[in-house]
């Protein structure tokens, strides 16, 4: 037997085996489909039932119906005869005429014949051993074991080659091959004649026309032609082969249509009932069957069909397409079974090389959405090669997305930057901006995100996030005026409270207090319960000396925020429950004069100190008269940009949720620490910095120690701060900053504990490295007072009052009015 | 005679009494009741060579109902060739649903089948035509196909609601759990003449109960002054009422109800009375569609195919001959032309004296 022939026959076995296994499976569970499936199988095995609906069980009723009709026909004909004849006017056809049309009287003879003589059922024995899916043992290399096939059909001359010769004559190779395959499946001992291209003598023009209609796929017309001829020539015998081919052709159409309409069960039923459709000559049907299995939760069966194709079918394009199509509905494991059947050409190239890239893309794409999923290294390598050699951006974008979601922001930046040289899309901008931001490069991130900021909700969000991160750098970064202007515009248009709040702090920290107040006010307008913005607004109002506004803020927010309430009392402000909250204020707050305001023209709106900002309440109602209309951008800082290694690049709320932080933003522990600190969650920040400390990178370790110290200070853990400050050497600026704050906290703590001498010691030590601002000066004064040195105290109060300290002025009044030296105010506060 | 007893005797007598004998006198034979010339005029207009019946008033789409009518009329013309043509198309292009029913519509443009839902009257008409043709022409494969569709309809579309057995208009969208006012029915989907035939194909089916409920519901659905049913009826409450979201009209659908009653041999005035009254003179003045809430005509249909329906009722009720101008078949559009031929087929078989 020729090898090809063996494939065809065994192929049929395999497919029928696949379907057979379905039957067995279905039979195991009592479902509604059982009947139809078993009926379909019976149809394919029954010797005289080419029609899928034909079921042996229906035969009795069919017979009785036929009998009754036969009895009734005579009377019908009589009735019809009684109808009067008609005229036929032009344009219309007259009625009525029940004149008996073609006489049905002979209908008993030939009508059942075609079905009975149809040999398509010869594929039966194949399906009689349904339980062994041949695909489960794919033969490789063409050495298939001969399956035991009983062939009931006698070999030799009974084979009807009419269709074969017709197709050969028409040059219709697809149908010719299908017919050869079909006949080979039916008659294993039959071989195609060598002379089949010889012209078939046309002896029957009507029949020739039927074959023509069939070969053109006009099955309805072919059916009509057959019926018309039978009506006029009841003795004519329809070639069984023609009927069989029509049945198969119609079922093929129906299968395609059902597949297009996503009626998967119908596809499977038709395939089960029409096994002769399932050959390599018509791979499209096999593909659709595989898809129908897959779409109806039978992925294993789908895999079996595709494995059958790759085991038996030879056409290289169809083999490749089989894998390509399977990618849409098979899982990775099933797909691997198909790839294992790849044939390697003489050049060493696998036949599926063209889809390897697609498969890598698919796996990497799936892994990009799931950080827990690691793409195979060979996929990464392949995609990297493809991305480099391509002129398109897609593969680079895919790699960038995968790496970013797998915490390799650096790699992600590289690929997104490559992608950007090839295309400029919102997706690339977004990926690049997030990756840069995760690397604490918010200025570049802002630049990357800017152009596409209005391309959609996702791009708007990324722009606001990175702009906010840029503003939140501590100490304030140098920002170009046009960048500051566009960030302020975007934040303002989006009514983004987080951004407004950070604009406020940026302005505040650079001495632009009026602008700060307006942005804090805007943040509160857009989000009424933003406590940090209220805190900032209170600070700004206080600094501007706007007593009315300040009092309003204290009244509204005091009951809700201890640190805001404490602002009304300088002692409390330093010695309160959360003393480290003051660390929200960089040094520039304590000593604004130290930071140079911007010199560029776009400084500020006219400074109207009065009440040109409203005070929104947490409930959203305004206490002030004027609504907020933000606002000019704060002037950018003109000082040299300070290294942002210690800055809070992660501000903007990115670390509020753990998953969001680690997966989306890709922050490392250090970034996360800064982020938490900026959210005033110092205890968690300490933990994050602790993790970050575990590194050999000296710079990173230094930053972690710095952050941990700040976090401890913020938490009021002064002794712990002193320890962590010593964990790594810091540069002078940071060392001074930390030492200053440690001493400040210790002085305040001692003062609050009535340990006046200790407080003075700490203040003395502190004054050697940092200027002593008024609040500490007043503590020093009261300490002198309590130690019995009212003159020293008074001298200090006078000095402080001279710089505008209202508390000092009050203290002087107390001293002047009380001969006994009342400990007014502060004593009450300290109990 | 009460309704149920009458029904049993006339509509379903064949099933109850004569399961294996000849066809009862009240069952239509259909075959050979339309002349080849008339059929050619119809087929030339509405039967595409591909085998689909074209609804030329609705964007030249086809629907399962049209395929069913085409099959019935091909049988009436005794045209086996056209029957094969229509059935081949129906089977390969529309009988796609996994539950064994037909999709309700087919568009000439891609995708041909945008909506997979079915229409149960289309399925019923197709099954009926196949069953009748299977008998007439001794074609077991038609009978087998009819049995399969009848079985599928029984499984998917015949439901019990209270005392009633209902034919859901489609598998999706009409039940109580998918509509606030569900179940919603369409009484013109009750092709009464088909029900005994279906019962014979599927002896265990509920077709007998379905026919009985259909008559009860027609009797209970008398809305407005004209006491006529609307096309779409809600059975959510204890009494039927016009369904929400549809015009409250005795409309294009419902005008088939008296046609189907007559064809099933149900000619008693107890059933046809309101229809005959509303249509009096309609064979000349036109067929009125009636809004049962305003009691005003929603439209008056003048095409001869529509006017044939009042003429049919007048013949059946009073023996009035068909007016001369309606004796000439003038195909206008698919739907009235189809109604016309269904009426003519009946008249030729049962009331030739009116023609």
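Every number here is computed from the coordinates shown, using simple stated rules; none is lab data. All of these numbers come straight from a predicted model, not from anything done at the bench. Heads up, the Cβs are rebuilt from the backbone with ideal geometry, glycines too, and the neighbour counts pull from every protein chain shown.
Taken along the Cα-to-beta-carbon direction at a fixed 7 Å, the label points for residue A:390 and residue A:174 span 3.2 nm. Rg over Rh for the range A:453-552 works out to 0.99, both radii taken from alpha-carbon positions and Rh defined as the Kirkwood radius. Annotation for the range B:156-209 versus the range A:250-274: alpha-carbon center distance of 27 Å. Cα centroids of the range A:473-499 and the range A:678-738: 28 Å apart. Here the gap between residue A:482 and residue A:723, fully extended at 0.36 nm per residue and compared with their Cα-Cα distance, gives a gain of 82.4 nm. For the range A:734-812, just say rounded, prolate or oblate: build the C-alpha gyration tensor, square-root its eigenvalues into a ≥ b ≥ c, call rounded for a/c under 1.5, and beyond that prolate if a/b exceeds b/c, oblate if not. Since a/c reaches 1.5 but b/c is at least a/b, the shape of the range A:734-812 is classed as oblate.
Classify the range A:349-425 as rounded, prolate or oblate from the Cα gyration tensor: take a ≥ b ≥ c as the square roots of its eigenvalues, call it rounded if a/c is under 1.5, otherwise prolate when a/b beats b/c and oblate if not. Taking the square roots of the gyration eigenvalues as a ≥ b ≥ c, the range A:349-425 is oblate. Our note on the geometry: Cα centres of the range A:283-354 and the range A:361-397, 22 Å apart. Averaged over the residues of A:222-231, the number of partner chain Cβ atoms lying within 10 Å of the residue Cβ comes to 6. Only helices enter the 222 nm calculation for chain B: every DSSP H run of n ≥ 4 contributes -39,500 (n - 2.57), and dividing by all residues gives -13500 deg cm²/dmol, rounded to 500. The GNM of chain B, with springs linking C-alpha atoms under 10 angstrom apart, assigns the highest mean-square fluctuation among B:270, B:302, B:150 to B:270. With a Förster radius of 22 Å applied to the beta-carbon distance between residue A:765 and residue A:683, the computed FRET efficiency rounds to 0.20. Here the spin labels are modelled as points 7 Å beyond Cα on the Cα-Cβ line, and at residue A:528 and residue B:115 they lie 4.8 nm apart. Inter-label distance, residue B:40 to residue B:300: 3.7 nm, where each label sits 7 Å from its Cα along the C-beta direction.
Per-residue shielding of B:330-339, expressed as the average number of other chain Cβ atoms within 10 Å of the residue Cβ, stands at 1. For the range A:700-752, the square roots of the Cα gyration tensor eigenvalues, ordered a ≥ b ≥ c, give a/c of at least 1.5 with a/b greater than b/c, which places it in the prolate category. So if R0 is 56 Å, what FRET efficiency would residue B:320 and residue A:208 give, r being the distance between their Cβ atoms, rounded to the nearest 0.05? Working from the Cβ atoms, E equals 0.55.
Between residue A:695 and residue A:489, the contour length at 0.36 nm per residue exceeds the alpha carbon distance by 70.1 nm.
Across peptide B:320-328, the average count of Cβ atoms from other chains found within 10 Å of a residue's Cβ is 2.
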